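The values are calculated or read from the model by the stated rules, or taken from the named source; none is laboratory data. Owing to the predicted nature of the structure, the values given are computational and were not obtained by experimental measurement. Here the Cβ positions follow ideal geometry from the backbone for every residue, glycine too, while neighbour counts run over all protein chains shown. Note: areas computed on protein heavy atoms with side chains; ligands, DNA, RNA excluded. Shrake-Rupley method; radii C 1.70, N 1.55, O 1.52, S 1.80 Å.
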Amino acid sequence: MSISDKVAYIKGLADGLVLDESNKQDKLIKAIIDALGDIAAEINYLEESYDDLCEQVDAVDEDLSNLEDDVYGEDELDDDDDMDDDTYYEIECPQCHETLCIGEDMLDEEITCPSCGTKIELEISDDCCCGHDHDCGEAGKEEE
């Protein structure tokens, strides 16, 4: 049962009671029922507007998807292999402690934290995290 149906049912019950508008309680009940009717009408209007908006957003999304396919081509948008081949690093800003994700191609550039503007200096070392000077792919194995 919708909200409008429930309010109509309550209004019907009140009409069956034959409320006397000279009585303060009956006048209050009638005012509450009228307010419920207005609220139900507004909710119905909002639901219809929401449905219309959803249809419009879906149409815009479909149009945008078609435009992207025309401009970039379907293969380029559906193929995420290029993103998988890139190496990314997470670093923490020493000033605001924001975590930044930078690509391997940015390691040679000056990096500025987008949150606080602090210039971040990277110390890049070929040393392994275990302290030995060897390829990290060989971590745990010492060179002979």
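Filtered by the rule that a residue be open to solvent by less than 60 Å² (accessible area, probe 1.4 Å), of a type outside the set (S, T, N, Q) and more than 26 Å from the chain's Cα centre (by Cα), segment 42-72 gives no residues. Of the residues examined, VAL71 is one that is assigned to a helix (DSSP H, G or I), hydrophobic (A, V, I, L, M, F, W, C) and modelled with pLDDT under 95. Of everything listed in (1) in contact with a Leu (Cβ under 8 Å, 6 or more places away or on another chain); (2) at pLDDT below 90, the single unmet condition for VAL7 is (2). Please go through segment 12-31 and pick out each residue that is among the aliphatic types (A, V, I, L, M) and either outside any helix (DSSP H, G or I) or under 19 Å from SER2 (Cβ atoms) (or both). Once the filter is applied, which keeps residues that are among the aliphatic types (A, V, I, L, M) and either outside any helix (DSSP H, G or I) or under 19 Å from SER2 (Cβ atoms) (or both), segment 12-31 yields LEU13, ALA14, VAL18, LEU19.
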